[in-house]
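The values are calculated or read from the model by the stated rules, or taken from the named source; none is laboratory data. From a predicted model like this one, the values you see are computed outputs, not experimental measurements. As a convention, Cβ positions derive from the backbone with ideal geometry for all residues, glycine included, and neighbour counts pool all protein chains shown. Remember, those area values only see protein heavy atoms, side chains included, never the ligands or the DNA or RNA. Shrake-Rupley method; radii C 1.70, N 1.55, O 1.52, S 1.80 Å.
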Amino acid sequence: PQETGLRPGTRAFALNRVAAEKRGRGAETLACWWLRLHGWRILARRARVPGGEVDIIARRGKVLAFVEVKARATEESAAMSLDAWRLRRVIVAAERLAPRFLKPGDDLRIDAVFIVPRRLPRHMPNIWHG
């Protein structure tokens, strides 16, 4: 986790967490619009299952994508924030949610969208090859 200097259980920590949650939701909304503009249909947002969660589930043609959204100050920090632990949670969610959304003949993949200030969103397709 990022060091904030704030201790869990304090009012400042709780307010910081609320602000981070709001930024995250805003980044996900921006990523949804970006994907829609590029022909994707959003099927679900913030899908949670035991052991994992995924920010966006989207479809374009025969491609079903489970999309993780990362908003950071730089593209490098966004990419670095998608560590093995977070990616594993997306993979678990994709495995458990796929039967609900997958159609015969579909390609399934895990994508990322990086949101960086003063830049267009960057869609990184197929970030995991399992």
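For residues in segment 32-51 being within 17 Å of E21 (Cα to Cα) and either touching a residue at least 24 places away in the same chain (Cβ under 8 Å) or in a helix (DSSP H, G or I) (or both), which is farthest from the chain's Cα centre (by Cα)?
My answer is R48.
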**OP:** State whether one or more residues within segment 63-79 are open to solvent by 70 Å² or more (accessible area, probe 1.4 Å), under 18 Å from R23 (Cα atoms) and either touching a Ser or Thr at 6+ places or on another chain (Cβ under 8 Å) or among the polar types (S, T, N, Q) (or both).
**Re:** yes
**OP:** Filter segment 91-118 down to residues that are closer than 24 Å to L30 by Cα and open to solvent by 100 Å² or more (accessible area, probe 1.4 Å), then give me how many there are.
**Re:** 1
Original post:
What is the residue count in segment 55-73 for residues that are more than 25 Å from G26 (Cβ to Cβ) and of a type in the set (K, R)?
Top reply: 1
Subject >> Given (1) modelled with pLDDT of 95 or more; (2) open to solvent by 30 Å² or more (accessible area, probe 1.4 Å); (3) part of a strand (DSSP E or B), number of the condition V54 does not satisfy >> reply: (2)
Original post:
Inside segment 84-130, can you point out the residues that are touching a helix residue (DSSP H, G or I) at 6+ places or on another chain (Cβ under 8 Å) and closer than 16 Å to R41 by Cβ?
Top reply: L108, V113, H123
Original post:
Out of all the residues in segment 74-87, is one or more over 21 Å from R25 (Cα atoms) and either touching an Asp or Glu at 6+ places or on another chain (Cβ under 7 Å) or of a type in the set (D, E, K, R) (or both)?
Top reply: no
Subject >> Test for F114: is it in contact (Cβ under 8 Å) with a residue 24 or more places away in the chain, touching a Leu at 6+ places or on another chain (Cβ under 7 Å) and closer than 21 Å to W34 by Cβ >> reply: no
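Identify all residues within segment 57-73 that are outside any strand (DSSP E or B) and of a type in the set (K, R); write none if there are none.
Here is the first cut: in segment 57-73, the residues outside any strand (DSSP E or B) are 61-62, 72-73.
Matches in segment 57-73: K62, R72.
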Original post:
Considering only segment 80-122, how many residues are part of a loop (DSSP other than H, G, I, E, B), of a type outside the set (D, E) and closer than 22 Å to R23 by Cα?
Top reply: 7
**OP:** Look through segment 73-83, keep the residues that are aliphatic (A, V, I, L, M) and under 12 Å from the mean Cα position of the chain (by Cα), and return whichever of them is nearest to R46 (Cα to Cα).
**Re:** L82
